[in-house]
Every structure is written in C-alpha cells, then in structure tokens.
Amino acid sequence: MTTIYEPSRGLSRRELLKRGTVGAALLISGQAVICPEAAWALEATTLKPETMATLIRLARDIYPHDQLADRFYAVAVKGQDALAAKTPEHKTLIEDGIADLDKRSGPGGYRSMAWEDDRVAILRDIETTPFFQAVRGDLVVSLYNQKEIWPIFGYEGESYSKGGYVERGFNDIEWL
Amino acid sequence: MAAPYDLNDNSVVVIIGSGAGGGTLGNELAQKGVDVVILEAGNRIEYEEFINDEWESFSQLAWLDNRTTGGGWRVSKDFPNLPAWIVKAVGGTTTHWAGASLRFQEHELKALTNYGKVDGANLLDWPITLAELEPYYAKAEDKMGVTRTNGIEGLPGNNNFKILKAGADKLGYKECHTGNMAINSADRDDRTSCQQTGFCFQGCKWGAKWSTLYTEIPKGEATGKLEVRPNSHVVKIEHDDSGKVTAVVYADKDGKLQSQKARIVCVAGNSIESPRLLLNSASSKYPDGLANSSGQVGKNYMRHTTGSVYAVFEKPVHFYRGTTMAGIIRDEAKHDPSRGFVGGYELETLALGIPFMAAFLDPGGWGRSFASAMDSYANMAGLWIVGEDMPQEQNAVKLHGELKDKYGMPIPDVWFTDHPNDVAMRNHAYTQGEALYAAVGATRSFPTPPYPSTHNLGTNRMSEKASDGVVNKWGQTHDIQNLFISDGSQFTTGAAENPTLTIVTLAIRQADHIAKEMAAGTI
Ligand SMILES: Cc1cc2nc3c(=O)[nH]c(=O)nc-3n(C[C@H](O)[C@H](O)[C@H](O)COP(=O)(O)OP(=O)(O)OC[C@H]3O[C@@H](n4cnc5c(N)ncnc54)[C@H](O)[C@@H]3O)c2cc1C
Ligand code: SF4
C-alpha cells in the first residue's frame, strides 16, 4: 500500500522530492502525482492531481496485486485524465465520483482510510454507479493490457517471432 | 487471375460473406465452373499480418459495428454492445476460430423425435439424416485437414491437455484425446504444421489452422471464376415483381452504394447479420422481410450452452502455450436424460492470455477474490463447455426500433435467455469440470460464465415444412427459389458439437445442389 503525502501549499517540488525520499510515498505537487522513490511522475492535465492520486489508490483497491508497483496503476488511470480532457461530462463524472468517495470516507477522505477492507466496504456501496463502472471498465483493459506486467503474472505474450512453443515448453509439465 | 465481374452481370451467383459457409460455397461453385462474386463487409488481411496480441487482434478482426442485446443472459449486462464475438474480414470467423471439427451425432439431427417435446423449446427435426451428410462430412474433413480423419495424426497434447487427460482418467471418462482439429499436425495442403504458438483465436500466423482466407478463397480465385470483393457491406437484397431476387445493394469501400445484379443470392453473413439482412430487405411484396412467410426469420437464435471452468494448481501449468483448444472429452456428449437435461455437451480445453482472462474470467468482478485468481494465472488450467441449447422462439435477432447504422439500416438487437434445460446442463458441466480438476489437485476453481457468443446459429432454420422454418434441406429458402442461406443460421438445432465442420459440410452439399439446378435451368 502506498502512503500519499500531501503537502501544504507552498512547498516546492524539489523539497517534496527531497522529503519523499524518506519513505515510499506518492506526492502531489502542482499538476502532478510524483513517486520520488521510483522516479516517476504522472502529470494531470484536466483532473485534479489529488483526484489522480485517489484514482491510483482506487485502482489498486479494485485490482489489488501486491506485486505490482504503483506506476502500473498510474499508467492504467492516465486514460481517465485524457478522456476528461476530451469530454467535460467525463471530467464531471470522475471529479464528482471522487468527491462522493471522499465524502463517504469521513473527514480525511478515501486515501486516509488505512485498511483496504474499509475502503472496499465503501466501494461495495458504489459498485453499480456509473462512476465506478467507468473506472473499473476501463481499468480491466488499461491495467491488464500493459505488456510490462505480463511477465509478472507468468504470461509470455507474443510468441510467433520466437517460433511458437513447439520447442519451448508447450508440453513441459512435470509435476503431474 | 481473380475474375472481376461487371455490376450488371446478372449471370453470377452472389454470396454475401466469405467465412466458413460463404468462402467454402464460393470455392466449390467456382471449381464447378460457376461464376461467383463474394461480397465481404470486412478487409482482406492476409495471415502474415495477424497479430499475437489479444486486444490488438480483436480490433484488427472483430465485427465492431454497433449491436444491442437484451434478455436474461449475463452477456447483455456485461457486454451490452457485444452479444457476439465474430469477425468482419475476408475469411470471416474462420480466422478467429479454434479449429475443433466434430460431426453431429445421428440422434441430434432428430432432436424433436429423440428428446420429445420440451416445454418452452421450439424443437424440430432436421430434414436431413446423418447418412445423407456423411459423404459431405468426409469431403469437408479432407478439405480442412481434420486430425484423426483421413489418416491424419492427432496433434501433440500441451500442458493444458495433459491436465485435462489426467482428470478425465481419474473421473473414468473414456473418450479423451487431442481432438479432431482442422489444424495441421504435419505439413499438408501447402500449409505448415502447428508451431504451438497459442494464438489460434488471433488468427494463425503460420497458416497451420484451416481458414477460408488462405485455402478456399485463393483456390477459388485460381479458377478464374471467383471474385472476392472486400469492404463491400451488403445493406439490402432486391427482387422483381415475380418475387425472385435480382440484385444486391452494398456500400463499397468509400461508403458509396452499388448494386450487383445476380442470378442467385446466397446469404452467409453469420447468424446475426443474415437474418438482419433478410428483415432489412422488406418490401411491399414481402412486408415482413424476405423469405419470412413462416415468421421464423431471426427466431430460434442459438449460441450453444457454454461456460468455462478454470482451475488453479500448486505448480505452474503455462496453459497459454500451444493450441488454444488442445483436447476434448466426449463422454458427456450423449443424450442421457437421467442427468436432468436433454442433449449433451463436450468439454474442450481453452486458454486465454492475461488481457482476455481479465475481461472474461468474471466480467465485472473485482477485489481480492478476482485479483488473487489473476495472480495464479501461470498455474491455471481451463476448459470450455459446449453443449446443445434449446431453440426458443423469443430468443431472436430483431431489428432495433430506433438505432441505425451508418448506411441508415436498423442495427440488430440480439435477445437471449437460457432455457431451464440449458441451465441444468451448464450446472452439470460446471460440477464435472470442477470435479475433474479437483481430482488432479486443483486448489481453487472458477465456474466462468459464457463469453459473448462465438457460435451463432439457427436464425434462418431448416425445416421440412415451409411453415416451420426458413429454408429447405438444401438451404434454399422456402419462399424464394433463387435465394439461399449458406451459413450456421440454417441450423435446425445446435447439437453438442462446434458448428463449423457442419457449416462447411452443408456448403459443399449446397454447391452440388445449386450447380445441378443451374445446369437444369430451374434456377
Ligand atoms: C474465438 C472463436 C473460436 C471458435 N472456435 C471454433 C471451433 O473450434 N470450432 C468450430 O466449429 N467453430 C468455432 N468457432 C465458430 C466459427 O468460427 C463459426 O461458427 C463460423 O466461422 C461461422 O461461419 P459463418 O459462415 O456462419 O460466418 P462467419 O465465418 O462469421 O462469416 C461471415 C462473414 O460474413 C460477413 N458479413 C456479414 N454481414 C455482411 C454483410 N451485410 N455484407 C457483407 N458481408 C457480411 C462477415 O464480415 C464475415 O466475414 C469459433 C468462433 C470464435 C469467435
Ligand atoms: S497454436 Fe498452432 S494452430 Fe494455433 S495459432 Fe499457433 S500454429 Fe496456428
């Protein structure tokens, strides 16, 4: 699980990056969600960066794979920002959806809830909403269709260029 | 070499669709010297261009024109605009298909007689017998190079098959092998043998698997008697005052409407587009659509009783390696009502890659239960259930009341609800599948719901009497002599077997009939 550190106004990105190195944290600065530990940043163009940070957490709660780093979830939700940039209705859907999620989560909002089970309980209440459906429906492709994660699941992907599996273990099972 | 025919040439046989039915019929007729134009809505994509990537391949080949769906099936909720997973390209769904090629069983062709009346089902006997089909089955198997026929060896079993076989042995199943597959186990027909790449559903980049795209179609073209016109989307079939069909109106690659004259029209657009086209061709003479005096056009939509069982083991399986459908158990394909349902089902191995597994394992599913299943992907084995479903009148392809496609034609609205017999069969198969994997040490298994329909059948069904169905035993419409149906929509009932071998068999047989009648001058 990722801790997200939200700075008060006025802290520079450099300062944030410096602080971030203290622990595995996602930082929000200007228009970006930054992961200093792994040296990546996700720029938000239309959605609020806080919204993007919540989407990353939400994405992990929907498809929780502990062996996947945050950046895969960040890449997976990027499309929400892109779509929001193109269609104002989508922007509203996502921003309102996140706001609603925060409201249901008590004073600190969704990301402040420490236990996955507590967050998931809230998600179960909203799983039929268009907001949740839009996020999950996109995520099931945008997460699992990332070639970089396939080896982590033990899927080898394209095989034609390697001559198929005829010489590479199509029948190599030994434990039966 | 491919013969280009004039739009005003009214001596040609026009076939709509180039898949299993249309592609085969086109070649068969061309071999007999008949002039044929195949109009195909999709692109011509040769097999070298296929893509070993599930979603990319899907966008390359799948039929993505808007469709809607309703009824009690879960697909209508999970995939509201994708009732069926079929192809829009030269070669049709034989580009995507897995290659399982099984003959129907004798009793299945007489479903009403053998099962008796089933409440809520619209069962009927086929107007043909197995004996009549057998010589054509033999031709089809030879043409397609089906393993375990014509002295062709079976394919080697992959890991997924080995698990299936071990479980089958434990359960006492007797008939389990690597299937009757239209996939080369050795070089044959100028095509290479299977390299076990595991992307059969994405189009075989080796050409090892039979598809009309690189067998029937080029062979037909080589005769100089067949023209395949890709990017030609038929919107309407026209007729004269006598009621005979005379021409086919289609949108060409630029979306411009063209009219191709025809002596005979054969519809082979698969079981959603074929009835849609007949319904969309309604005229003052045929206000309910062409060939619809029985009112059965679009009705009795069948899709096989399907479902999958995936199971997780302690150790790796890598089931995505090798042929997608790598083996079969046939013991449950019999008709044995003591199981609580009529008809039977086959169990066939199936594997999906990570992207499709995520989409289809439990559509809409999320959370730890779902994610931990995905975490075990490398240790998964899987099988697919394919069984006979009941034809029901209200399961139907209808014209949408409001939505139109870009040519202004109403889009298809596909309605389906399981019959109680379908549900009982699926539950039985789930139990057997889970027991099979448990017997080999599965730690967890998943009864996975049906995918969007890959087998689409029955919407222009064959019947003895004109009042019961749309076509006669030759696939010729009861109402219009020079209008034929040449795809799986002719099926009177679905049987337990994957349909393509039978579609090809019927197309070969239909070609004989058409050529004979043309020679006799009757059509
Ligand atoms: C993933 C998958 C796996 C499968 N595996 C098997 C298997 O192992 N064994 C088996 O027996 N079957 C299998 N099938 C089913 C099999 O592919 C189909 O049953 C078979 O291809 C149907 O043949 P058809 O001629 O009816 O239609 P298709 O092969 O779908 O061909 C219809 C063609 O008509 C064209 N068309 C439609 N409408 C129009 C129009 N208006 N104008 C012009 N052209 C039009 C389409 O673009 C298409 O090319 C599988 C299917 C899928 C999707
Ligand atoms: S496994 Fe065999 S049949 Fe399937 S795509 Fe690969 S080579 Fe072709």
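The values are calculated or read from the model by the stated rules, or taken from the named source; none is laboratory data. Because the structure is a prediction, the values reported are computed rather than measured. Reconstructed Cβ throughout: ideal geometry from the backbone, glycine too, with neighbour counts over all protein chains shown.
For residues in segment B:425-447 being touching an Asp or Glu at 6+ places or on another chain (Cβ under 9 Å), hydrophobic (A, V, I, L, M, F, W, C) and part of a helix (DSSP H, G or I), which is farthest from the other protein chains (Cβ to nearest Cβ)?
Of everything passing the filter in segment B:425-447, B:M425 is farthest from the other protein chains (Cβ to nearest Cβ).
Taking the condition of being within 16 Å of ligand 1 (Cβ to nearest atom) and of a type in the set (F, W, Y), how many residues in segment B:161-209 meet it?
So the answer is 3.
Quick check on segment B:110-120. Is at least one of its residues of a type in the set (K, R), more than 20 Å from the chain's Cα centre (by Cα) and in a loop (DSSP other than H, G, I, E, B)?
Looking through segment B:110-120, at least one residue is of a type in the set (K, R), more than 20 Å from the chain's Cα centre (by Cα) and in a loop (DSSP other than H, G, I, E, B).
Checking the condition within 16 Å of ligand 2 (Cβ to nearest atom), in contact (Cβ under 8 Å) with a residue 12 or more places away in the chain and crowded, with 22+ Cβ neighbours inside 10 Å, which residue from B:T493, B:T500 passes?
On inspection, the qualifying residue turns out to be B:T500.
Check off (1) in a loop (DSSP other than H, G, I, E, B); (2) without any contact (Cβ under 8 Å) to a residue 24 or more places away in the chain for B:N52 and give me the number that stays unchecked.
If we test B:N52 against (1) in a loop (DSSP other than H, G, I, E, B); (2) without any contact (Cβ under 8 Å) to a residue 24 or more places away in the chain, just (2) comes out false.
Given the conditions (1) surrounded by fewer than 22 Cβ atoms within 10 Å (Cβ to Cβ); (2) among the hydrophobic types (A, V, I, L, M, F, W, C); (3) touching a residue at least 24 places away in the same chain (Cβ under 8 Å); (4) over 23 Å from B:E314 (Cα atoms), report the number of the one that B:A435 does not fulfil.
Result: B:A435 fails condition (4) only.
Could you pull out the residue among A:A38, A:A53, A:A24, A:A32 that is in contact with a helix residue (DSSP H, G or I) (Cβ under 8 Å, 6 or more places away or on another chain), modelled with pLDDT under 80, of a type outside the set (V, I, T) and closer than 18 Å to A:A69 by Cβ?
Only one candidate passes the filter, namely A:A38.
So, in segment B:365-411, how many residues would count as being within 10 Å of chain A (Cβ to nearest Cβ) and part of a loop (DSSP other than H, G, I, E, B)?
4
Does B:L213 satisfy the condition of being surrounded by 22 or more Cβ atoms within 10 Å (Cβ to Cβ) and away from ligand 2 (no atom under 16 Å from the Cβ)?
No.
Restrict the check to segment B:126-145 and report whether at least one residue is within 16 Å of ligand 1 (Cβ to nearest atom), surrounded by fewer than 24 Cβ atoms within 10 Å (Cβ to Cβ) and closer than 16 Å to B:I329 by Cβ.
no
Of all residues being of a type in the set (V, I, T) and away from chain A (no Cβ under 14 Å) in segment B:304-346, which is farthest from B:A442 (Cα to Cα)? Just the residue, please.
My answer is B:V342.
Taking segment B:25-58, which residues are polar (S, T, N, Q) and in contact with a Gly (Cβ under 9 Å, 6 or more places away or on another chain)?
Across segment B:25-58, the qualifying residues are B:N27, B:Q31, B:N52, B:S57.
Residue pairs, Cβ under 8 Å, 6 or more apart or interchain, first in segment B:75-99 and within 13 Å of B:A62 (Cβ to Cβ), second of a type in the set (D, E, K, R) and near ligand 1 (Cβ under 6 Å from one of its atoms). List them.
Short answer, once both residue conditions are applied: B:A89/B:E40; B:G92/B:E40.
If you check every pair at least six apart or on different chains, which have Cβ atoms under 7 Å apart with a residue in segment B:268-291 that is under 20 Å from B:G17 (Cβ atoms) first and a residue that is within 16 Å of ligand 2 (Cβ to nearest atom) and part of a helix (DSSP H, G or I) second?
What qualifies is B:N270/B:T93.
Just name the residue that is surrounded by the fewest Cβ atoms within 10 Å (Cβ to Cβ) out of those in segment B:84-97 that are in a loop (DSSP other than H, G, I, E, B) and out of contact with any Leu (no Cβ under 8 Å at 6 or more places or on another chain).
Per the criteria, the residue is B:W85.
Please name all residue pairs, on different chains or six or more residues apart, with Cβ atoms under 9 Å, provided the first residue is in segment A:148-176 and is in contact (Cβ under 8 Å) with a residue 24 or more places away in the chain and within 7 Å of chain B (Cβ to nearest Cβ) and the second residue is outside any loop (DSSP other than H, G, I, E, B) and crowded, with 18+ Cβ neighbours inside 10 Å.
Correct list of pairs: empty, since none qualify.
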